[in-house]
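Bear in mind that the values in this text are calculations on the coordinates, not laboratory data. Bear in mind the structure is a predicted one, so any value in this text is a computation, not a measurement. Cβ atoms come from the backbone with ideal geometry, glycine included; neighbour counts cover every protein chain shown.
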Amino acid sequence: MTMLQKQAVQLIQNMSDDNLSFLIEIIQRLIPSRAYTKPAASPANPSEKMQAFKELAASRKEIQKYIPEDFDPEAELEAARKERYGNLD
């Protein structure tokens, strides 16, 4: 054990339980756990990803049937903001 490690252990041994629990929280925040460093689970093969993308594209086409051709999302957003927040000026 290095001198620095010995010094750290000695400091920890002299800490109260309250301070020790606080120190543990800080250490856990500084050292990422393995759960955060593992890549997210992905489908078994690339064809599953491609199938999911195709389903998404197909659903977008299906949803567009229900949206009017003259739909303006920016105007809708502005109207909703005015209704909710009024005139802030």
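Across the range 10-16, rounded Karplus estimates of 3J(HN,Hα) from the backbone phi angles (6.51 cos²θ - 1.76 cosθ + 1.60, θ = phi - 60°) give 5, 5, 5, 5, 8, 7, 6 Hz, Gly and Pro being marked x.
Summing charges over all other residues whose Cβ lies under 13 Å from the Cβ of GLU76, with Lys and Arg as +1 and Asp and Glu as -1, gives -2.
What spacing in nm lies between the two simple spin-label points modelled at GLN64 and SER47, each 7 Å away from Cα in the Cβ direction? About 2.8 nm, to one decimal.
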